[in-house]
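Following: one structure in structure tokens, then a few remarks.
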Amino acid sequence: MYRLSQTLTDAFSRRFSRTVRETYRQDEAYAATPQGRFWLAVVLFGVALLPLLLPQYPLFVLTQILIAALAGLGLHLLVGGAGQISLGQAAFVGVGAYVSSHLSGNLAPFGILMGGVVAAAIGVVLGVPSLRIKGAYLAIGTLAFQFLADYIFRQWKGFTGGVAGRTLPANNSFLGLPLTDDRVVFYLSLLFALPLFFYAKRLLSTRAGRAWFAVRDNDLSAQLSGVDLVRAKLTAFALSAFYAGVAGGILMHLIGAVAPENFTLAYSIQYLAIVIVGGAGTVLGAVLGSLFVVLIPEILSVIAGSFGPQYVAQLSAWRSVAFGVLILVFLILEPRGLVGLWGRIRDYFRTWPLPY
């Protein structure tokens, strides 16, 4: 009788529990339940319909959020995954943008991909110092790379256009579709963003992702446990730079022109803010963090503009102050980021109305 009741209890738990994982394959699944797969399909279908429903400016902002999420996700994998600090993410975005600017038109997808590959190769070189230094010293090393990249962007006129930057041709098109249309650029960005987001989610649940987490917690203990530190750290830097390079290539086709001012240290700090605000080490954190970092300033700009043109110049300066205060308040009240806040909300409704 006891065995029968235990069998029925186990069967009931497997049937109705949403969190039970019995194998690594289930743990690595994108949506482990039918309900999860249904909502995943609804979200993907809704995202695909957005360009047909949104006006031009909201769609432009949405594409900016997607680009920031890609670059931020690369930094999430590096900082939250492998525990390596970087202040040079904007430089990798610039590498991808400039490489993509030389391969536009029908070669636009190939140019975006090559921008990521070139950035990844440079990321491997930048990751070599991480084998000997870490923490604040590694952050200073990546900061030096950011300044070096900024100097190269301004001086290498043959490749980057110097201070004036580079501009795509006005008739830039892909398979007859004008890349000056924000809807075409949005679908082009989805072509890269969706596989990269799903890959990152799967990667963090695999052996390589667990090796990164071990290095993040204690690299010496990870090495004693059999983790190859050289491979783990260099692949983290390479993959982070690849994501940033792809984001830079999409950014080039979105705005049609880039200059060194688009890839300064301020943007690297912005990408780091995406990691901190969103919640390090998670794919959802990159999305939520980019929504906060990109969307909040836009909302503050709209609020500033509603007071009239005579107040725009004065309120625009206070916009940055308000944005910084929001980040500080958020970090004090929710140190785990938006992912931690979302997790508590989800758990509440998962057990409601019987929280015990």
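The values are calculated or read from the model by the stated rules, or taken from the named source; none is laboratory data. Remember, it's a predicted structure, so these values are computed and weren't measured experimentally. Using ideal geometry, Cβ is built from the backbone for each residue, glycine included, and neighbour counts are taken over all protein chains shown. Just the protein is used for accessible areas: all its heavy atoms, side chains included, with ligands, DNA and RNA removed. Shrake-Rupley method; radii C 1.70, N 1.55, O 1.52, S 1.80 Å.
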Solvent-accessible area per residue for the stretch 73-124 (1.4 angstrom probe, square angstrom): 23
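Using the Cβ atoms and a cut-off under 10 Å, what net charge is assigned to the surroundings of P58, where Lys and Arg are +1 and Asp and Glu are -1? Could you put the intermediate results ahead of the total?
Details: positive: none; negative: D182, E298.
After counting each charged neighbour, the total is -2.
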Rg and Dmax [Cα atoms of the stretch 135-205; Å; Rg one decimal, Dmax integer]: 18.1, 49
Cα-based reach from K201 at 21 Å (exclusive), listing lysines while leaving out same-chain residues under 8 positions away: K233
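How high is the relative contact order of the stretch 194-260, in percent, with contacts defined as C-alpha pairs under 8 Å that are six or more residues apart? Please report the intermediate quantities before stating the final value.
On the way: 22 pairs, mean separation 13.8, N = 67.
Reported as a whole number, the value is 21 percent.
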Packing rank of 73-84, 197-208, where each peptide gets the mean count of other beta carbons within 10 Å, highest leading: 73-84, 197-208
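Sort the following peptides by mean Cβ neighbour count (other Cβ atoms within 10 Å, averaged over residues), highest first: 342-351, 280-289, 179-188, 63-72.
Values: 342-351: 11.1, 280-289: 24.2, 179-188: 19.2, 63-72: 25.8.
Descending mean neighbour count gives 63-72, 280-289, 179-188, 342-351.
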Burial order of peptide ranges 153-160, 250-257 (average beta-carbon count within 10 Å, highest first): 250-257, 153-160
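Need the full-extension length gain, I332 to V61, defined as separation in residues times 0.36 nm minus the C-alpha distance. One decimal, nm. All intermediate terms of the calculation are to be shown ahead of the outcome.
Numbers: separation 271, 0.36 × 271 = 97.56 nm, distance 2.79 nm.
Additional length available on full extension: 94.8 nm.
Quick one: pull the percent of accessible area on the stretch 58-188 belonging to carbon and sulfur, 1.4 Å probe, ligands and nucleic acids left out. It would help to have the intermediate numbers written out before the result.
Working: 3780 of 5360 Å².
Percent of accessible area from carbon and sulfur atoms in the stretch 58-188: 71.
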